[in-house]
Amino acid sequence: MNLLAFLVLTLIGGAYAQAQPQKVPGQELQWQETSFANIGGWQAVQLWCDTPGRVLAVTSPAGSRGDVKLAQWVGGKTSIQDWQMGRPDPGAGQVYTPLTPAGQTPGKPPQYFIRSSNIENTIDPAYHMTRINEYVVPAGRFQCRYVPQATVLAATARHTVIVWESGGKVTYASRNRDGAPGIQLAGGTHTRTLGRERYVWDNAGYQYVLEVGQLAHPGGSLTVLKGGKTLSREELLAYSISVQK
């Protein structure tokens, strides 16, 4: 190997190493992620997807046949349909979970599926959430929003809400449903009350309050107040919250 080739390989290897999640000895705590969606009532889900134009979610399989509900929220309208979920198929870095409309025979390979990450997931303490890459359904192929270090990712009909919490610092960011940037706020507080996580940020006389529930009290909302008066309140459609084990 000549010197130039050696230097190129060395640079590539160094860049790759820097791109990998850095694990700190003694800080190998795993993250526990729970997700919920309002699919005819609040219930736990495993695989939901936030996109600029729509939100998608499936319930966990019910019974041996893998019966599920597929919910889609588009333009303020909700669609809930009966589907079947197949056995997840792990591959090189990816997991394909087949989906089949109720009453149809699963295709080989499946025509519809959910693709998630076999690497970026909470088994690795470097990741706070499992990455859901895309949903492929009759309406099209939809790439899912992913924020690896977020501790809360939530969706309303109008916004995506992202919360980062680290070292006592609580930060908020929003994205408009059309994909345009929203706002970002630092200096928030996080408290737990009546079985729900409550996050509050104050900004120029306005107060942003995000509430999300855990297993015993699922559901949540995003409220904006000024002078103690509610200006807007958005009910959540789906959300994930991640805490250290």
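The values are calculated or read from the model by the stated rules, or taken from the named source; none is laboratory data. These figures come from a predicted structure and were not determined experimentally. Cβ coordinates were reconstructed from backbone atoms using ideal geometry, including for glycine residues, and neighbour counts include every protein chain displayed. The area values use the complete protein model at the heavy-atom level, side chains included, leaving out ligands, DNA and RNA. Shrake-Rupley method; radii C 1.70, N 1.55, O 1.52, S 1.80 Å.
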In the chain, what is the count of Lys pairs whose alpha carbons are under 27 Å apart, counting only pairs at least 8 residues apart or on separate chains? 7
The simple spin-label model distance between THR78 and ILE183, using points 7 Å out along Cα→Cβ, in nm, is 2.8
Could you work out, for the range 152-222, what percent of all Cα-Cα pairs fall into each 5 Å distance bin, beginning at 0 Å and stopping at the bin that holds the largest distance? 4, 15, 27, 25, 19, 7, 2
Given Cα pairs under 8 Å that are at least 6 residues apart, what percent is the relative contact order of the chain? 17
One finds the C-alpha centres of the range 158-190 and the range 51-91 to be spaced, in Å, by 26
In whole percent, the Cα-Cα distances of the chain spread across 10 Å bins from 0 upward as 7, 28, 32, 20, 9, 3, 0, 0
With a cut-off of at most 13 other beta carbons within 10 Å, and DSSP calling the residue loop, which trypsin sites (Lys or Arg not before Pro) in the range 188-231 qualify? Please list them. none
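For the range 64-142, just say rounded, prolate or oblate: build the C-alpha gyration tensor, square-root its eigenvalues into a ≥ b ≥ c, call rounded for a/c under 1.5, and beyond that prolate if a/b exceeds b/c, oblate if not.
Oblate.
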Using Stokes-Einstein with the Kirkwood hydrodynamic radius over Cα pairs, what translational diffusion coefficient do you get for the range 119-185 at 20 °C and a viscosity of 1.002 mPa s, in µm²/s rounded to a whole number? 161
From the helices alone, meaning DSSP H stretches of at least four residues, give me the mean residue ellipticity at 222 nm for the chain, per-run term -39500 (n - 2.57), in deg cm²/dmol to the nearest 500. -2500 deg cm²/dmol
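In the chain, carbon and sulfur make up what percent of the accessible area (probe 1.4 Å)? Each step should come with its number before you reach the end.
Values: 7190 of 13390 Å².
Ligands and nucleic acids excluded, carbon and sulfur reach 54 percent.
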What residue among LYS69, LYS108, LYS169 has the largest mean-square fluctuation in a Gaussian network model of the chain, using Cα springs under 10 Å? LYS108
To the nearest Å², the heavy-atom accessible area per residue of the range 161-206 with 1.4 Å probe amounts to 57
What is the range 49-114's relative contact order, in percent, from Cα pairs under 8 angstrom and six or more apart in sequence? 20
